[in-house]
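Note sheet for the following structure.
Read-outs: derived from the displayed coordinates by stated rules, not from any lab. Computed from a prediction, not measured in an experiment: that's the story for all the values here. Quick reminder, even Gly has a Cβ in these numbers, built from the backbone with ideal geometry, and neighbours come from all protein chains shown.
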Amino acid sequence: MAVLAVMGLTREERIVGHPEIRTIAGGGLSGALAERIAAAIAERRPRGVISIGIAGALDPSLQVADCLVAREVISEGARHAADEAWTAAILAALAGARHADFYGSEVIVMEGAEKRRLREGTGALAVDMESHVAARVAAEHGLPFAAVRVVSDTTHHDLPPAFLNCMKPDGGINYAAITGSILKDPGQLPALMRTAREVEAAFKALQRHRTALGPLLGL
């Protein structure tokens, strides 16, 4: 295993997958994710750990499908810098990608106003639920860390309620929970459809960037 890649969803795993890459989808559970990353490292030590997938924008200037490469990952009580050489190689491979700080959250940030508050409080441009975990475990094991994220939702709209419990622990989509949320609040359907289109655009951009990074994701 050359690279250990960490993400939230199984769809991201399918995009990133390669024989030299071990993928772990976190499903939004940071404690279990940290244990799985540590176990994978103990089983076969990789050359580096990367967080890769989609993310929410914290900065109003960001649009869906914009690509960000981490300078530093900020979370409650911790900051972890990305490996400079690996990050430089990723930036060189991804034309138009922005070098920025990421914020690691334990929950999905649903509201645009909350995203903008996090931007003001942390200086980060994007938020996801896996980068801070991957960065911390990589640091604990003395491994290089990098992060690449594509914007799937901006600060201009709140996420519909159906997104709150949309992830299964294995990184799959909880369609039953989404359907139940729609039945409870049918008025969210237009927002849900808009968000689904934006997420799809982000996945397509992620596929392009994954190809540009090469087999080992720029390492």
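Some notes on this structure:
- Sorted on the mean count of surrounding Cβ atoms within 10 Å across their residues, most packed first, peptides 111-122, 93-104 read 93-104, 111-122.
- Take each peptide in 148-157, 184-193, 167-176, count the other Cβ atoms within 10 Å of every residue, and average; sorted highest first, the result is 148-157, 167-176, 184-193.
- Axis angle, to the nearest 10 degrees, between helix 131-140 and the longest C-alpha principal axis of the chain: 20 degrees.
- Signed unit charges on C-beta, dipole axis of the chain, positive-most listed residue Thr122, Met110, Leu91: Leu91
- In order along region 206-212, phi translates into HN-Hα couplings of 4, 4, 5, 5, 4, 5, 5 Hz, rounded to whole numbers, per the Karplus curve 6.51 cos²θ - 1.76 cosθ + 1.60 with θ = phi - 60° and x for Gly and Pro.
- Hits among lysines - C-alpha to C-alpha of Lys184 under 25 Å, sequence gap 8 or more where chains match: Lys168
- Within-11-Å neighbourhood charge of Ala177 [Cβ basis; K, R +1; D, E -1]: +2
- Across region 138-214, the convex hull enclosing all Cα atoms gives 136 Å³ per residue.
- Percent RCO, i.e. relative contact order, over region 3-213, from Cα pairs under 8 Å lying at least 6 residues apart: 29
- Charge dipole (Cα centre; +1 on Lys/Arg Cβ, -1 on Asp/Glu Cβ; no other charges) of the chain amounts to roughly 440 debye.
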